[in-house]
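The structure under discussion appears below in the form of structure tokens.
The values are calculated or read from the model by the stated rules, or taken from the named source; none is laboratory data. Fair warning: this is a prediction, and the values are worked out from it, not measured in the lab. All Cβ positions, glycine included, derive from the backbone under ideal geometry; neighbour counts span all protein chains shown. Calculation scope for accessible area: heavy atoms of the full protein, side chains included, ligands and nucleic acids excluded. Shrake-Rupley method; radii C 1.70, N 1.55, O 1.52, S 1.80 Å.
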Amino acid sequence: MIYHLDITSSTNDDARDEKYREGDVVWAEFQTAGRGQRGHVWHSKRGENLTFSVVLEPTFLPITEQFSVSEVVALSLVDTLAEYGIEARIKWTNDIYVGDKKLVGILIEHSLAPTSLRRTIVGIGININQTEFDASLPNPVSMAQLLGRELKAEEVLHCFLKHLQRNYATLREIKNEENSIHQRYNKLLYRLEEYHTYALPSGERFRAKILGTAPNGALRLENEKGTIKDYLFKEVEFIIF
Ligand code: BTN
């Protein structure tokens, strides 16, 4: 069921309420405290974009496989954008990019049972019709800017939910035997197999190319000397400009 609110603090916070069950969506026209990854604020003009959270209950997934939820969500966004003629890539771990610009932000929050996932809040911000962005954002873009026309946010939401349902079913059912979700995610990575600059938390920079991701979600990079290393979230940063 879709719960459509005019204003709220953050749909991810609302969706924590246990009254929302698997498949429920909390969608708001405006968030007063939209949250991004790494403690950032998510900026989105009132009524111009999509800001919503989907509740999942992936109790069939061991904790060690939690990254596959991120994969399913990212793939569903790429599939949605493809329906609109937009060729998007996945910037590890959780952004959707078109060229060097960010079109979608994803904030996934898990709550865990002893050995499996219990409940997952998938928060998504898609820039739909906004054309002027906060100057603090380095590289935003919207679907309207890419397509040269305004879109109906609700249609984009329904399109995404259709793809999410399909990809999530693939993950849940045995159809994912060959790990097709993980393989597709890897093929769609932004900057795959191209040399670019990356930064370590120490500030040290190095050039490397992305080979893919490990099943635990670590980014596999090969540096110019041919050394291959896996980096977990926050262990490496993309340098985009
Ligand atoms: C990021 O790119 O840093 C992630 C942004 C996630 C934003 C969405 S908007 C809907 C949901 N509610 C939030 O407070 N954040 C997510």
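Here is a yes/no grid of residues against (1) of a type in the set (Gly, Ala, Ser); (2) out of contact with any Phe, Trp or Tyr (no Cβ under 9 Å at 6 or more places or on another chain); (3) farther than 29 Å from residue 145 by Cβ:
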site	(1), (2), (3)
4	no, no, no
17	no, yes, yes
30	no, yes, no
61	no, yes, yes
74	yes, no, no
86	no, yes, no
101	no, yes, no
114	no, yes, yes
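Looking at segment 122-140, is at least one residue open to solvent by 50 Å² or more (accessible area, probe 1.4 Å), of a type in the set (Val, Ile, Thr) and under 30 Å from residue 17 (Cβ atoms)? Looking through segment 122-140, none of the residues is open to solvent by 50 Å² or more (accessible area, probe 1.4 Å), of a type in the set (Val, Ile, Thr) and under 30 Å from residue 17 (Cβ atoms). Show the residue pairs that are 6+ apart or on different chains and have beta-carbon atoms under 6 Å apart, the first residue being within segment 107-128 and more than 15 Å from residue 66 (Cβ to Cβ), the second being within 9 Å of the ligand (Cβ to nearest atom) and of a type outside the set (A, V, I, L, M, F, W, C). From segment 107-128, the pairs are 123/12; 123/53; 125/44; 125/51; 125/105; 127/49; 128/49. Residues of segment 24-39 that are touching a helix residue (DSSP H, G or I) at 6+ places or on another chain (Cβ under 9 Å) and touching a residue at least 60 places away in the same chain (Cβ under 8 Å): 25, 27, 34, 35. Condition test on residue 78, is it more than 9 Å from the ligand (Cβ to nearest atom), under 19 Å from residue 116 (Cβ atoms) and under 16 Å from the mean Cα position of the chain (by Cα)? Criteria not met by residue 78. In the set (1) closer than 16 Å to residue 35 by Cβ; (2) open to solvent by 10 Å² or more (accessible area, probe 1.4 Å), residue 113 fails one condition alone, (1). Among the criteria (1) in contact with a Lys or Arg (Cβ under 7 Å, 6 or more places away or on another chain); (2) over 17 Å from residue 180 (Cβ atoms), the one residue 43 does not fulfil is (1).
Looking at 36, 23, which one is touching a Leu at 6+ places or on another chain (Cβ under 9 Å) and under 29 Å from residue 234 (Cβ atoms)? Just one listed residue meets the conditions, 36.
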